[in-house]
1. Which condition does residue 66 not pass, out of (1) outside the structural domain of residue 160 (by TED's automatic domain parsing); (2) in contact with a helix residue (DSSP H, G or I) (Cβ under 8 Å, 6 or more places away or on another chain); (3) within 13 Å of the ligand (Cβ to nearest atom), if it passes all the others?
2. Inspect region 106-117 for any residue being over 13 Å from residue 202 (Cα atoms), within 12 Å of the chain's Cα centre (by Cα) and away from the ligand (no atom under 13 Å from the Cβ) and give the result as yes or no.
3. For residues that are touching a residue at least 12 places away in the same chain (Cβ under 8 Å) and closer than 16 Å to residue 138 by Cβ, scanning just region 193-224, find the one that is nearest to the ligand (Cβ to nearest atom).
4. Looking at 204, 124, can you tell me which residue is surrounded by fewer than 18 Cβ atoms within 10 Å (Cβ to Cβ) and at pLDDT 95 or above?
5. Among (1) within 14 Å of the ligand (Cβ to nearest atom); (2) in contact with a strand residue (DSSP E or B) (Cβ under 8 Å, 6 or more places away or on another chain); (3) within 26 Å of residue 61 (Cβ to Cβ), there is one condition residue 122 misses while meeting the rest; what is its number?
6. Kindly establish whether residue 50 is surrounded by fewer than 18 Cβ atoms within 10 Å (Cβ to Cβ), more than 25 Å from residue 101 (Cα to Cα) and not assigned by TED's automatic domain parsing to the domain that holds residue 127.
7. Does residue 158 satisfy being touching a helix residue (DSSP H, G or I) at 6+ places or on another chain (Cβ under 8 Å) and surrounded by 14 or more Cβ atoms within 10 Å (Cβ to Cβ)?
Ligand SMILES: Cc1cc2nc3c(=O)[nH]c(=O)nc-3n(C[C@H](O)[C@H](O)[C@H](O)COP(=O)(O)O)c2cc1C
């Protein structure tokens, strides 16, 4: 695993050096901040740089469990959602529905509901994130759980690229679905008939930079 990470980092580094700025462009920009912008633009225009940026985004995403108390602008959230629904999905059925909850009153109501099942621990399962995302799957489509998972990952990667932290959450789904008297919260979320809450995501600006957890590369085998 270490070797894998080292290789991935090494590749990114080689690409980053290969992409590192262009004198002609910098001259046009007259230095200063513009030069930085110019370098970024060139960086993204070169294909090896694009792939390095994409790989770096995937390798740098980590679950964030501590957030700044700072709102995420609506345009940023819209971009994240747009990336989410552009995920691959079975037969393009888009067998998902998404609800974004920023209203602290509704968040408190959901916390109180979850606490009836799992106490304080359950109440805190969205951590201190300002944005809570609820994803429901179409129960009538056998691949909808995969569609929702792929959409969630697209959202989390887009968020990471935009400096927004996330953590994918299964526990709130359990708490909400197990809670007696959950009808009011579910009706406020307003999923369509036939849709079932399946996954949540906490979102907000990160107030921590966790290390990557180890991955087991032996789970992957090339079969001749
Ligand atoms: C389906 C799913 C459910 C998860 N549920 C929770 C959860 O309820 N609480 C939590 O803190 N993290 C949850 N996580 C986050 C994982 O713990 C995390 O992705 C994993 O430990 C790897 O760490 P990383 O995301 O930083 O790479 C969940 C992740 C997935 C994919």
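1. In the conditions (1) outside the structural domain of residue 160 (by TED's automatic domain parsing); (2) in contact with a helix residue (DSSP H, G or I) (Cβ under 8 Å, 6 or more places away or on another chain); (3) within 13 Å of the ligand (Cβ to nearest atom), residue 66 misses (2) alone.
2. No: region 106-117 contains no residue that is over 13 Å from residue 202 (Cα atoms), within 12 Å of the chain's Cα centre (by Cα) and away from the ligand (no atom under 13 Å from the Cβ).
3. Filtering region 193-224 for residues that are touching a residue at least 12 places away in the same chain (Cβ under 8 Å) and closer than 16 Å to residue 138 by Cβ, the one nearest to the ligand (Cβ to nearest atom) comes out as 199.
4. Values: 204 fails: surrounded by fewer than 18 Cβ atoms within 10 Å (Cβ to Cβ).
Just one listed residue meets the conditions, 124.
5. (2)
6. On the way: surrounded by fewer than 18 Cβ atoms within 10 Å (Cβ to Cβ): yes; more than 25 Å from residue 101 (Cα to Cα): yes; not assigned by TED's automatic domain parsing to the domain that holds residue 127: yes.
Yes, satisfied.
7. So residue 158 fits the description; yes.
For (1) touching a residue at least 60 places away in the same chain (Cβ under 8 Å); (2) within 16 Å of the ligand (Cβ to nearest atom); (3) in the same structural domain as residue 134 (by TED's automatic domain parsing); (4) surrounded by fewer than 21 Cβ atoms within 10 Å (Cβ to Cβ), each residue gets a yes or a no:
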site	(1), (2), (3), (4)
146	no, yes, yes, yes
152	yes, yes, yes, no
165	yes, yes, yes, no
177	no, yes, yes, yes
191	yes, no, yes, yes
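The values are calculated or read from the model by the stated rules, or taken from the named source; none is laboratory data. Because the structure is a prediction, the values reported are computed rather than measured. Note: ideal-geometry Cβ built from the backbone for every residue, glycine included; neighbour counts use all protein chains shown.
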